[in-house]
Ligand SMILES: [Fe+2]
C-alpha cells in the first residue's frame, strides 16, 4: 500500500510536467515503502537510482521546455535543480556512512523539497506557459 499519495493540489495545470511529477512521487513512494521494510539492497541498488535517474531526466525535460519557451527565470530554476542534486549527494554520503537508518530523513527532505518546489517554482513556470498560450491564442486571427 502506498505511503505517499499524489495530491491533486500539486498539479501545475501543464500536463507533461504534472505527469512527470506524478511519476516522481510514484518512485519516491516505492523507496518510502522499502526503507521501513528494511530492504537495503533494493534501496541502494535499484530504487534509489530508479528515482534519481528520473529526477535527472525530469529536470532536463523541464529545463529544455523553459529554454524553448524563452522563460526568463530558467537560470535561477536550473540552479535550484542543481542545488537539490548537490544536497541529495551530500545526504547520501551520510547514509553510506551511517547505514539505512539515515535514509528516512533523506526521503522526508526529498519529499518536502519536491512539494515546495512544485508548488512555487514549477507552478510559476506553468502559469507563464499558460499566459503565453493565451496571448498567442488571442493574437491568432
Ligand atoms: Fe523544477
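The values are calculated or read from the model by the stated rules, or taken from the named source; none is laboratory data. If you're wondering where the values come from, they're calculated on a predicted model, not measured in any experiment. Every residue, glycine among them, receives a Cβ derived from its backbone with ideal geometry; neighbour counts consider all protein chains shown.
Taking the stated definitions as given, is residue 94 modelled with pLDDT under 95, more than 13 Å from the ligand (Cβ to nearest atom), more than 16 Å from residue 24 (Cβ to Cβ) and touching a helix residue (DSSP H, G or I) at 6+ places or on another chain (Cβ under 8 Å)?
Spelling it out, residue 94 is indeed modelled with pLDDT under 95, more than 13 Å from the ligand (Cβ to nearest atom), more than 16 Å from residue 24 (Cβ to Cβ) and touching a helix residue (DSSP H, G or I) at 6+ places or on another chain (Cβ under 8 Å).
Taking the stretch 95-129 only, how many residues are exposed (fewer than 13 other Cβ atoms within 10 Å of the Cβ) and assigned to a helix (DSSP H, G or I)?
9
Being exposed (fewer than 12 other Cβ atoms within 10 Å of the Cβ) and assigned to a helix (DSSP H, G or I) is true for just one of 37, 64. Which residue is that?
64
Kindly provide the set of residues from the stretch 10-31 that are farther than 15 Å from residue 95 by Cα, touching a residue at least 24 places away in the same chain (Cβ under 8 Å) and part of a helix (DSSP H, G or I), ordered by number.
If the condition is that a residue be farther than 15 Å from residue 95 by Cα, touching a residue at least 24 places away in the same chain (Cβ under 8 Å) and part of a helix (DSSP H, G or I), then 10, 16, 17, 20, 21, 23, 24, 25, 27, 28, 29 are the ones that fit.
Report yes if residue 70 is loosely packed, with under 10 Cβ neighbours inside 10 Å, modelled with pLDDT of 90 or more and more than 13 Å from the ligand (Cβ to nearest atom), otherwise no.
Numbers: loosely packed, with under 10 Cβ neighbours inside 10 Å: yes; modelled with pLDDT of 90 or more: yes; more than 13 Å from the ligand (Cβ to nearest atom): yes.
So residue 70 passes the test.
Please determine whether any residue of the stretch 108-131 is farther than 25 Å from residue 6 by Cα and within 13 Å of the ligand (Cβ to nearest atom).
no
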